[in-house]
Amino acid sequence: MATDRLVERRRVFQQYKEDVKERGKPFYPFAMFHDTLMSVVVVCVITGLAIVWKYTTPGNHHTTAAGWLGKLYDAPADPGTINFVPRPDWYFYFLFYLLRIFKWPESVLLGTIGVPTICLILLLAIPFIDLRTERRLSKRPVAIVASALVIASMGILTYKGATAKEALGTELLGQVPHWAQKQGFQGNQQAIAGAKLFAVSGCLNCHTYLGVGGHNLGAPELTAEGAKHKGIAFQVSHLKCPACVNSGSPMPSFAGLGDQRLTQIATFLEASKGPK
């Protein structure tokens, strides 16, 4: 059976070579001309878009106003920001959104490594699995359906990743009075200052507090952190070097906030003993 398939493939390939020799066109100049022409078209389109982008922007010089195709410049970088939310490039949005579907720690490896690797292996294996000479789309329903599903799923995940909302610190500042009332530290100015820092420092991108936050990377709920009675010193040490206190912790260091700010956050965490 395998020998018959091999003989048939050789016959078809030989017929293909004879057809090309009789009716085909040589690579030079036909295919080379087509490739060159397409390359020129692509370069012209890119150049045209760059010109439109440049000269439709109001002002044209170091302005953050948007033109037809967006802004030329963003606002100057602020190295002291404490509420920056990093996001990937647009072509990684589908993987970015997979992290919201496959939660840490149970299934995050499946979403970040498993699914993309399986899809890539299947893509590489298709030429070795499907050996048919038929190329008409109407005769290849499985391939067409599979391709449509892949394109649709990547398109939907890219859109979801592009429109995914992050918990911004400026929006979370409005939660601080509610937190203070629920936790009962309205009169503790140190704890209130720590709550404000907690809201704008990106802590809720991973942790949750009174139902608000992300709960990523296995980060624990902090609503009743103070009920564990770890103490201010422990909280400050943990914020400075999380991996030193809890080996293998993926939490980043917040030592750059300084001892005064870290003490305020630690006071807030110790005052958070659960809703009253």
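Quote the relative contact order of the chain in percent (integer), defining contacts as alpha-carbon pairs under 8 Å separated by 6+ residues.
14 percent
Could you calculate, for the stretch 20-76, the ratio of the Cα radius of gyration to the Kirkwood radius, expressed as Rg to Rh?
1.41
Below 18 Å, Cα to Cα, which lysines can residue 230 reach? Residues fewer than 8 away in the same chain don't count.
240, 273
Give me the lysines in straight-line cross-link reach of residue 25: C-alpha distance below 26 Å, same-chain residues under 8 apart excluded.
Of all the lysines, those that pass the test against residue 25 - Cα under 26 Å, at least 8 places apart if same chain - are 17.
Using alpha-carbon pairs under 8 Å, 6+ residues apart, how would you state the relative contact order of the stretch 165-257 in percent?
17 percent
Which of the peptides 179-192, 140-153 is most tightly packed, and how do the rest follow, going by the mean number of other Cβ atoms within 10 Å of each residue?
Descending mean neighbour count gives 179-192, 140-153.
Hey, what's the per residue convex hull volume over the C-alpha atoms of the stretch 176-255, in cubic angstrom?
Spelled out: Cα convex hull of the stretch 176-255, divided by residues, is 96 Å³.
Sort 32, 251, 154 so that the residue with the fewest other Cβ atoms within 10 Å of its own Cβ comes first and the one with the most comes last.
Result, fewest neighbours first: 32, 154, 251.
Ranked from highest to lowest mean number of other Cβ atoms within 10 Å per residue, what is the order of the peptides 233-239, 266-272?
Ranked by mean Cβ neighbours within 10 Å, highest first: 266-272, 233-239.
Please identify the helices of the chain, taking whole runs of DSSP H, that span at least 24 Å along their own axis as judged from the Cα atoms and have a mean Kyte-Doolittle score of 0.0 or higher.
Answer set is 32-55, 141-163.
Taking the Cα atoms of the chain, report the difference between the largest and smallest coordinate on each principal axis, in whole Å and largest first.
If we take the Cα atoms of the chain, the spans are 91, 60, 32 Å.
Based on the Kirkwood radius over alpha-carbon pairs, what value in µm²/s does the Stokes-Einstein equation return for the translational diffusion coefficient of the stretch 84-164 at 37 °C and 0.692 mPa s?
D, rounded to a whole number, is 225 µm²/s.
State, to one decimal in nm, how far the label point of residue 118 lies from the label point of residue 36, with both points 7 Å from Cα in the Cβ direction.
With each label point 7 Å from Cα toward Cβ, the separation is 4.8 nm.
Rounding to the nearest 20 debye, state how big the charge dipole of the stretch 84-164 is about its Cα centre with +1 on each Lys and Arg Cβ and -1 on each Asp and Glu Cβ.
That gives a dipole near 260 debye.
Assuming 0.36 nm per residue, please report the length gained on full extension of the stretch residue 8 to residue 253 beyond their Cα-Cα distance.
Contour length minus Cα-Cα distance gives 81.7 nm.
On a full-extension model of 0.36 nm per residue, what is the gain between residue 228 and residue 154, subtracting their alpha-carbon distance, rounded to one decimal in nm?
That works out to 22.3 nm of additional length.
Where a number appears in this text, it was derived from the coordinates with a stated rule and is not lab data. Here the structure is a predicted model, which is why all the values come from computation and not from measurement. Quick reminder, even Gly has a Cβ in these numbers, built from the backbone with ideal geometry, and neighbours come from all protein chains shown.
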